[in-house]
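The values are calculated or read from the model by the stated rules, or taken from the named source; none is laboratory data. Since the model is a prediction, treat every value here as computed from it, not as a measurement. Every residue, glycine among them, receives a Cβ derived from its backbone with ideal geometry; neighbour counts consider all protein chains shown.
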Amino acid sequence: MQCLSRPLARQLARQSRNQLQKRASGTAIAVRNAENPQQHRYEISRHQQQRGFATSRYDDGSARSAVINVLNNIASKREVQQYLAQFTSVSSQQFAVIKVGGAILTDYIDQLCASLRNLNQMGLFPVIIHGAGPQLNKLLEDAGVEPQYKEGIRITDGKTLGIARKLFLEENLKLVEALESWGVRARPITSGVLMADYKDKETYQFVGEVNQVNVASIKAAIADGYIPVLTCMAESEDGQVLNVNADKAAAELAKALVPLKIVYLSEKGGIHDKETGKLIEAINLDEEYEEYMKKPWVIHGTRSKIRDIKTLLDDLPRSSSVAIIHPESLEKELFTHSGAGTLIRRGTKLHQASSLSDFEDISKLKQTLIRDREGLDSVAVVDRYLDSLQNRPFRAYYDENMEALAIVLPPNSATNSLAHLATLTMTRSAWLSNIADNVFQNLKRDFPKLAWTVKQDDENLTWFSEKADGSIARRGEVLFWYGIDSPEEVREVMAEFVQHGRSMFGDSNLEAQLHRAAAAAERIRAGAAVMMSKRPGQQQARAFSTYRHPAWHFSFGPEQRRSYGTTNPNPPLGIKNREKDYPSKIALIGARGYTGQALIDLLNRHPNMDLCHVSSRELAGKKLKGYEKKEIIYENLTPDDIRKMAERKDIDCWVMALPNGVCKPYVDAIDESGHKEAVIVDLSADYRFNPDWTYGLPELVQRSKIAQATRISNPGCYATAAQLGIAPLLDHLAPSPANPTVFGVSGYSGAGTKPSPKNDVNNLTDNLIPYSLTDHIHEREISTQLGREVAFIPHVAVWFAGIHHTISLPLAHAMASRDIRQLYQDRYHGENLVTVKGESPLVKQIAGKHGVEIGGFAVHSSGMRVVVNVTIDNLLKGAATQCLQNMNLALGYAEYEGIPL
């Protein structure tokens, strides 16, 4: 018996990937050294000539065989053969169109080149088209050109176009040279393919919409043995170069070539559901498009990408699809049924049946159940199986042509919540067109918990592993399941399977019945052969079986699913949140204080935050210091000024860095403007208790909620540290009135810039000043957010920045220090801005840092009270850094973008 766990599966998948790269790299080196660089048809650099280049890869049988052997590490031999046969059955230019984002060229070019080299050595020629958005943003910033956008589209004036044209040619050559250095013949095609009209010359200037694709140069490059590499620049009829969106250019290219595969490479590896944080494996547009367009998190780049892909697929054959994947998953996407990343397709509409009368043609149903299952009495077995369905509830899923059929038996009692997949049959076409994935999407939607069994030698085992949360093997059979969260329930299911095998589901499994029929046929024929062998003069007969294994299976291998377990119920979104690749316009209202200055410093480093207006009554007319992207002069903006700016939609995000009680007129002005999409982040306490605003503590508040919010109240510095220090133990605290107590000490920057005894260094020297010992605003904030009373006792000390909390927590039951520390480590697993340590953190170690440190975990001898220490820089994670974290989430950037980690 063997039990397959996800950590082990992930480890095996990583080993497989490493082996793939190592072996493929060795193949490339061996072949590269044997070739003549003089065979190139265009000029190359002296540096590359010294490296040596490939000639034709696809006619090198040894290299092709080596790559196929390597691919067998991530897919079964049958899968590789199926897809390779499919890809080579069409014209070379119809294999695949691959759109490469600018970030891929910067960060993942080696992974991309390795994958393209492997494809090329098998005789495959994908058509590459690339962008360079992030690189262009950086060049424009360095050149002092302020980017202008309208509805997310870059306005391209003459200067911008000149910079973009030069950059795109450089990036195109960079990719071509990189491919050549990997032994791949590549041809740069930078003009003559994409023709375009002006999108709206008056508004967008030199921005085009592709209206024609000339594929002659692409075909010629492939015919000569080169991979064509295109850039997303087009030309008008009069020869004017126009900037075109890379996604739209790739779509028009795909319409012209009608390839088998359309792949968008993305550093995010696909589209992620921001409500769950999970990767969306597939989107079936015919059934789910309207549903996705209504989701609150489908905004910015995600919305336009799904919409544009739908427009593309509407003009292509129904079998076409678009895969959004990470570059390291390219081979997995192309050569496995499970694929990688997010697959977007029109999909095959599935029908459902809950009784035999729902099927229009019972004879067709019987033929579907029998196909590829010939054996003794198979027709009678299927008849008996259908008879059994007359008397029990079931749900069947099938397409119009019954290429795919699944029959599920729902839970048979109130105490048993596990449904049983009793039958699943697929044709070759169903596998290759991903109908199987569509079926499983429906199963997961309708049955939260499902189990099924297959034979261990079934070649479809890898695909089943991809769909399951766990599995266990016993005596040649494998039980798969998903949706079982309770460890106790998992143990019960495993124990029952170990004891009873397939029969744990009774006699409801058609495969089991057919296997028994096949086994009976085998025994009869074997017996007949023995009797014949005993007859004198008779030649010994060979026993055989007419049972045929279902076609299109996989060999058993490790799971290669891109999912990672976490004990954090609200894990960071990271780059999954990235929706926009263009800057947002920011206005900072009230920038004189320490927090405002800290935020300006962060915005200066952020690649996509364009600070446009800074308002300060006292500094109006002076030049803003510390912001180097462009010159900004302080203004004294009134609520009426802000309302007019909001009406013009000049600003994407307003940051209110004002004292408590001052913010409301400015917020009201933005609300009155009707610009509901504008994000407001308030750093004061004015809206922290307003239920219409989202409380912006990403580590404790659901990140998807912040990502969808337009009104965000930034937590207080004391409150942030205290909540993070208490939250993991909430369920273990003693009931009131035994409440937590927080003894907090802050540096004097927390007292503001207005002179007072609390920020007078002379007064603070050799001193510690308590203040607001009860009913402090942060006491109310902490208690409200945690849902229980917390006593907070604040003090101010002589250092400049940094807060130290000593938190006493009464426990409901005795606990050990190591167990408490483990609770905190589990809760904040993966958090880049929270560090859990054993020893007590110190203020001097946190000052200037952007996170929170939690430690100490001293437990009283009774085990009924623990003391936890927390430190935070009150100006950074306590204010400015947290503000930027919230801005990133709400504006559609990577969560930690611009934050030094």
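Some observations on this one:
- The test for being surrounded by fewer than 18 Cβ atoms within 10 Å (Cβ to Cβ) and among the charged types (D, E, K, R) holds for Lys844.
- For the residues Val97, Val184, Val176, the requirement of being crowded, with 17+ Cβ neighbours inside 10 Å, assigned to a helix (DSSP H, G or I) and either touching a residue at least 24 places away in the same chain (Cβ under 8 Å) or polar (S, T, N, Q) (or both) singles out Val176.
- Of the helices (runs of 4 or more DSSP H) entirely within segment 713-803, those holding at least 2 residues that are aliphatic (A, V, I, L, M), more than 26 Å from Lys844 (Cβ to Cβ) and touching a residue at least 40 places away in the same chain (Cβ under 8 Å) occupy 777-786.
- Among residues of segment 866-901 being among the polar types (S, T, N, Q) and within 15 Å of Glu699 (Cα to Cα), the one that is surrounded by the fewest Cβ atoms within 10 Å (Cβ to Cβ) is Thr881.
- Residues located in segment 304-346, provided they are without any contact (Cβ under 8 Å) to a residue 40 or more places away in the chain, surrounded by fewer than 19 Cβ atoms within 10 Å (Cβ to Cβ) and within 24 Å of Glu151 (Cβ to Cβ): Arg307, Lys310, Asp314
- Among strands (runs of 3 or more DSSP E) entirely within segment 558-670, having at least 3 residues that are outside the structural domain of Asn759 (by TED's automatic domain parsing), in contact with a strand residue (DSSP E or B) (Cβ under 9 Å, 6 or more places away or on another chain) and of a type outside the set (A, V, I, L, M) singles out 609-615.
- Among the residues examined, Ala430 does not qualify as modelled with pLDDT of 90 or more, of a type outside the set (Lys, Arg) and out of contact with any His (no Cβ under 7 Å at 6 or more places or on another chain).
- Only one entry in Val241, Val213 is over 33 Å from the mean Cα position of the chain (by Cα) and over 19 Å from Leu112 (Cα atoms), namely Val241.
- Residue count for segment 198-241, restricted to those that are more than 23 Å from Lys150 (Cβ to Cβ) and not in a strand (DSSP E or B): 16.
- Reported count of residues in segment 268-291, each being closer than 27 Å to Pro126 by Cβ and within 9 Å of the chain's Cα centre (by Cα), is 7.
- If you go through segment 280-303 and keep only what is in a loop (DSSP other than H, G, I, E, B) and touching a residue at least 60 places away in the same chain (Cβ under 8 Å), you end up with Ile280, Glu281, Pro296, Trp297, Ile299.
- Residues that are assigned to a loop (DSSP other than H, G, I, E, B), over 31 Å from the mean Cα position of the chain (by Cα) and surrounded by fewer than 17 Cβ atoms within 10 Å (Cβ to Cβ) do occur in segment 147-161.
- Count of segment 740-766 residues which are surrounded by fewer than 17 Cβ atoms within 10 Å (Cβ to Cβ), in contact with a Leu (Cβ under 9 Å, 6 or more places away or on another chain) and of a type in the set (S, T, N, Q): 1
- Tally of residues being without any contact (Cβ under 8 Å) to a residue 60 or more places away in the chain, crowded, with 19+ Cβ neighbours inside 10 Å and in a loop (DSSP other than H, G, I, E, B) across segment 671-688: 5
- Complete set of residues in segment 781-801 that are under 24 Å from Tyr687 (Cα atoms) and surrounded by 17 or more Cβ atoms within 10 Å (Cβ to Cβ): Glu781, Ile782, Ser783, Gln785, Leu786, Val790, Phe792, Ile793, Pro794
- The set of residues in segment 292-303 being β-branched (Val, Ile, Thr) and either surrounded by fewer than 16 Cβ atoms within 10 Å (Cβ to Cβ) or more than 14 Å from the chain's Cα centre (by Cα) (or both) consists of Ile299 alone.
- The lone criterion from (1) free of Cβ contacts under 8 Å to residues at least 60 places away in the same chain; (2) on the phi > 0 side of the Ramachandran plot; (3) not β-branched (Val, Ile, Thr) left unmet by Gly269 is number (1).
- Residue match in segment 320-334 (condition: part of a loop (DSSP other than H, G, I, E, B) and either touching a Pro at 6+ places or on another chain (Cβ under 6 Å) or at pLDDT below 90 (or both)): yes
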